[in-house]
Amino acid sequence: MTGWASTSGPGLSAPQPTAARRLRIVDGSPGAGHDGARQDGAVHELCHDLRQPVAAIAAVVAATQMDAEVSPALRARLEQIAAETRAISELCRQVLGENRRSGPVRIDTLVAEVVQGAQLTCEGTITMHAEPSVVGGTRAALRRAVWNIVDNAIGAAGAAGRVSVEVYNDAGHVVVAVADSGPGFGRTQTGSDGLGLAIARRIAAEHGGRVVVGRSDVLRGAAVSITLPRSTAGRPPDPT
């Protein structure tokens with residue numbers, strides 16, 4: 001791939017914790033660990049309680065899609081709602097430890113779903129080019145990693161900005177490359193941006209991959225790539 005230059009190598013360390021977080025790590029008092037445990041418990045309870053309303057939304061969408069009078073345009077919107085609902089459900093199941101099944105994942109299809117969902121709220125322009133690609137892993141986790149990178153790029157690009165997303169095969173790896181026309185990573189980085197990158201980096205590492213941050217030569221903003229081992233299981237046929 002051309003068009004972006006790396007400003008950090010594979011060994012780029014994760015964002016350093018804030019001073020408050022460092023104090024909690026150093027502090028061995030009982031309250032230091034209890035805060036994290038309470039937060040984890042609250043997240044699990046929230047995901048547990050979300051399952052029912054999310055299932056209800058999915059049921060309503062499915063019932064509406066079966067209506068013969070639904071227009072093609074509305075049917076397409078309903079499918080987008082269904083896709084986002086499935087994503088929320090998968091994420092909840094992952095947090096609850098119910099969705100850790102690993103297997104071949106069509107990463108190009110997954111990225112296309114993320115981009116399609118992002119376009120619903122993106123005020124700028126998103127372009128995408130993807131080669132048929134398969135990796136091994138947990139689909140919900142990989143979707144979460146890609147979504148965080150794309151979401152960061154959309155936020156950095158702004159209302160009139162541009163975001164490009166590419167998926168391509170590179171020898172024994174698959175690369176998901178996201179670039180934006182923003183000011184460049186780290187210049188206007190918010191806490192949520194850093195958290196999203198950390199989440200993507202952790203998930204990539206768990207799948208034997210890595211995240212590299214650089215600068216786009218084309219869009220002049222940040223360029224972030226997720227590189228994952230290519231899987232031969234369920235691989236799409238090579239073009240002839």
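For Ala177, the requirement of being among the small types (Gly, Ala, Ser) and touching a strand residue (DSSP E or B) at 6+ places or on another chain (Cβ under 8 Å) is met. Looking for whichever is buried (at least 19 other Cβ atoms within 10 Å of the Cβ), of a type in the set (A, V, I, L, M, F, W, C) and in a loop (DSSP other than H, G, I, E, B) here; the options are Cys92, Cys122. Which one fits? Exactly one of Cys92, Cys122 is buried (at least 19 other Cβ atoms within 10 Å of the Cβ), of a type in the set (A, V, I, L, M, F, W, C) and in a loop (DSSP other than H, G, I, E, B), namely Cys122. Has segment 13-26 got at least one residue that is modelled with pLDDT under 85, in a loop (DSSP other than H, G, I, E, B) and exposed (fewer than 11 other Cβ atoms within 10 Å of the Cβ)? Yes, the conditions are met somewhere in segment 13-26.
Conditions (1) at negative phi; (2) more than 15 Å from the chain's Cα centre (by Cα); (3) outside the structural domain of Ile226 (by TED's automatic domain parsing), marked per residue:
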| site | (1), (2), (3) |
| --- | --- |
| Arg106 | yes, no, no |
| Gln116 | yes, no, no |
| Pro132 | yes, yes, no |
| Thr138 | yes, no, no |
| Arg144 | yes, no, no |
| Ala157 | yes, yes, no |
| Tyr168 | yes, yes, no |
| Ala171 | no, yes, no |
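Taken as a whole, the condition of being surrounded by fewer than 19 Cβ atoms within 10 Å (Cβ to Cβ) and at pLDDT below 95 does not apply to Thr138.
The combined condition, being at pLDDT below 90 and surrounded by fewer than 19 Cβ atoms within 10 Å (Cβ to Cβ), is fulfilled by Ala55. All told, Thr109 falls short of being surrounded by 17 or more Cβ atoms within 10 Å (Cβ to Cβ) and among the β-branched types (Val, Ile, Thr).
Considering segment 142-155, the residues that are buried (at least 23 other Cβ atoms within 10 Å of the Cβ) and among the small types (Gly, Ala, Ser) include one that is farthest from Ala118 (Cα to Cα), namely Ala145.
The values are calculated or read from the model by the stated rules, or taken from the named source; none is laboratory data. All of these numbers come straight from a predicted model, not from anything done at the bench. Counting neighbours? That spans all protein chains shown, and the Cβs are built from the backbone with ideal geometry, glycine included.
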